[in-house]
Ligand SMILES: NC(=O)c1ccc[n+]([C@@H]2O[C@H](COP(=O)([O-])OP(=O)(O)OC[C@H]3O[C@@H](n4cnc5c(N)ncnc54)[C@H](O)[C@@H]3O)[C@@H](O)[C@H]2O)c1
């Protein structure tokens, strides 16, 4: 029975503001945990929109300045759901106030900023986590369990892509709600920090560290009107990025992401080929894991599609009955559950800020390689 209230203050009421609120609201209904999130305060700059969000999702109070929110004595956890350029400032201020900090991905604008965040959060000694939620799709967690059991044997290949098509129109402005992703000053980078960061986090988790990369990027639409100034300005983000990588375990990888793959909305897939078995996962079919096992009897050997909905599959015993699938929003419920369990067991749930810094290092190396045109070493965690 969840007895200990944990007061949450959220900053940002957009896309992630909704997925996180849903996670905090649902978790105690489905998971038996010591801590119970209380939706104590929501923060945003537009008071009318903020009030509407708070009312809809059940936040008890509101603040229009995050500086006031992080100082509040009745807040235990600050949850950052704002564009990337504000993560560091809010996270560091919250940590200095002794708050636990949950931060949306990517952790930071780049590795150097990420290092400052890790130093501050570790100095404050507060619980922390970054929302790389795809780790918590039950089929992805199952992939991790299968790999860790050694079933794949030596891993040869890792292949990931994240394809979208929503920025093809040159009429789309840069800046503002959602569209801050097209503004390098707010986003840091384009698809590399936004989409490939997810692929990289999953890859590091499943297959270990990446040692070197070589990358190419392209900005297909080079100028767009900026929402803030009304002027046509240079576009500083990468619209598409493809890179080759070598993992420290000797496996080779390809990663690709674009917002110009006409027909694809959020096609995140990864495939891993080992000497004994292979795994494939597709976000569009997120409750399934494709698995090929060479140890199977030869005449019936083939790719099988595991419907990851049974009671002994990761997280699934907490949901309905075997055979009934869950979806995207549940990855966030699982992430809240794991964070709370980490507080209970004093074993922090990953990725922590430090774990997420490793993804920043890979993104930095990818962007640097794209500009120099050469193989680039990835900085490793200290
Ligand atoms: N984990 C995931 O799968 C995932 C998916 C989408 C976005 N994200 C990340 O979540 C973050 C937010 O993205 P989003 O899609 O929710 O964006 P969004 O544009 O939908 O929402 C951003 C929110 O931040 C608010 N905001 C901006 N600056 C602020 C400030 N200074 N003070 C208070 N509020 C401020 C905006 O008003 C808005 O409510 C980004 O870092 C993004 O990379 C992660």
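No value in this document is a laboratory result; all are computed from the given coordinates. If you're wondering where the values come from, they're calculated on a predicted model, not measured in any experiment. Reconstructed Cβ throughout: ideal geometry from the backbone, glycine too, with neighbour counts over all protein chains shown.
Using mean Cβ contacts within 10 Å as the protection proxy, how do 71-79, 98-106 order, highest first?
Going from most to least packed, we get 98-106, 71-79.
For the range 138-203, how big is the tail of P(r) above 15 Å, as a whole percent of Cα pairs?
Within the range 138-203, distances greater than 15 Å cover 66 percent of Cα pairs.
At a 10 Å Cβ-Cβ cut-off, how would you order 35, 132, fewest neighbours first?
Least to most surrounded, the residues fall as 35, 132.
For the range 190-229 and the range 315-366, write down the distance between their C-alpha centroids in whole Å.
Using only Cα atoms, the two centres lie 21 Å from each other.
What does DSSP give for the chain in terms of the percent of beta bridges that are antiparallel, rounded to the nearest 5?
Values: 41 of 71 bridges.
Antiparallel bridges: around 60 percent, rounded to the nearest 5.
Evaluate the relative contact order of the chain (contact order divided by residue number), counting alpha-carbon pairs under 8 angstrom at least 6 apart; express in whole percent.
Values: 854 pairs, mean separation 74.5, N = 382.
Answer for the chain is 20 percent.
When the chain is treated as a GNM, springs tying every alpha-carbon pair under 10 Å, which of 139, 52, 21 comes out with the largest mean-square fluctuation?
For the chain, modelled as a Gaussian network with Cα springs under 10 Å, the answer is 52.
Run the numbers on the range 4-133 and let me know its relative contact order in percent, using alpha-carbon pairs under 8 Å that are six or more apart. Let's see the in-between values first.
Details: 232 pairs, mean separation 30.0, N = 130.
The value is 23 percent.
Taking the Cβ of each residue in 316, 216, 117, 16 as the centre, tally the other Cβ atoms inside 10 Å and list the residues starting with the fewest.
216, 16, 316, 117
How big is the range 4-133 in terms of Cα radius of gyration and Dmax, in angstroms?
Gyration radius and largest Cα-Cα distance of the range 4-133: 13.8, 40 Å.
Rounded to whole Å, give me the distance from the Cα center of the range 41-120 to that of the range 280-299.
Answer, in whole Å: 39.
Name the shape class, rounded, prolate or oblate, that the alpha-carbon gyration tensor gives for the chain, where a ≥ b ≥ c are the square roots of its eigenvalues, rounded holds for a/c under 1.5, and otherwise prolate holds if a/b is larger than b/c and oblate otherwise.
Verdict is oblate for the chain.
Grab the alpha carbons of the range 243-382, take their convex hull, and tell me the volume per residue in Å³.
On the way: hull volume 26.6 nm³, N = 140.
Per-residue hull volume (Cα only) is 190 Å³.
For the peptides 168-176, 326-334, what is the packing order when you average, over each peptide's residues, the other Cβ atoms within 10 Å and list the highest mean first?
The most tightly packed comes first, giving 326-334, 168-176.
For 278, 257, 305, which order do you get if you count the other beta carbons within 10 Å of each Cβ and list the fewest first?
305, 278, 257
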